[in-house]
Amino acid sequence: MYGLTPFGHTSLFNFFNDDFFNDTMQTNSCRTDIRDTGDKYVMEAELAGFNREDINIDIKDSYLVISAEHKKTSDDKNDNGKYIRRERSYSSYKRSFDISDVNTDNINAEYKNGILKIDLPKKQHQEPVSRRLEIK
């Protein structure tokens with residue numbers, strides 16, 4: 001399968017230097033599985049902790065771009081309204097896939113239990129048309 005090639009990931013150097021036992025997701029990474037079911041590709045991207053409103057799916061030229069972003073703030077104040085603890089977190093992910101072999105008019109997506117599932121129907125390959133030209 002030459003289509004659905006991901007772009008914008010960590011370098012090979014970073015891959016070998018990642019902590020093997022670290023179970024947290026890296027910034028700008030999004031674990032994605034892609035299956036070829038014959039008439040379509042089924043993509044499942046792990047976006048745990050995001051709400052549906054945090055996720056965008058865009059088609060730019062022949063690329064499908066999945067991006068997600070959310071900010072979380074947790075404030076604890078004392079009786080005087082002063083902070084005794086304030087924590088903020090920010091997460092964002094962005095992945096691009098070549099979808100030049102996909103019928104972009106019939107793409108469907110759903111988000112459930114932290115998994116974004118996208119059905120990407122393949123383009124119907126047309127047989128070459130042959131005809132005879134009349135010589136004038």
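The values are calculated or read from the model by the stated rules, or taken from the named source; none is laboratory data. Fair warning: this is a prediction, and the values are worked out from it, not measured in the lab. For neighbour counting, all protein chains shown are included, and Cβ atoms are generated from backbone atoms with ideal geometry for every residue, glycine included.
Listed values, structure above:
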| item | result |
| --- | --- |
| So residue 3, is it at pLDDT below 80 and surrounded by 12 or more Cβ atoms within 10 Å (Cβ to Cβ) | yes |
| Residues of the range 41-77 satisfying the condition of being under 24 Å from residue 100 (Cα atoms), more than 14 Å from the chain's Cα centre (by Cα) and surrounded by 13 or more Cβ atoms within 10 Å (Cβ to Cβ) | 62 |
| Total residues in the range 101-136, condition surrounded by 14 or more Cβ atoms within 10 Å (Cβ to Cβ) and hydroxyl-bearing (Ser, Thr, Tyr) | 1 |
| Residue within the range 69-85 that is assigned to a strand (DSSP E or B) and either at pLDDT 85 or above or within 15 Å of residue 30 (Cβ to Cβ) (or both) present | yes |
| All positions within the range 30-65 that are outside any strand (DSSP E or B), of a type in the set (Asp, Glu) and touching a residue at least 12 places away in the same chain (Cβ under 8 Å) | 39, 54 |
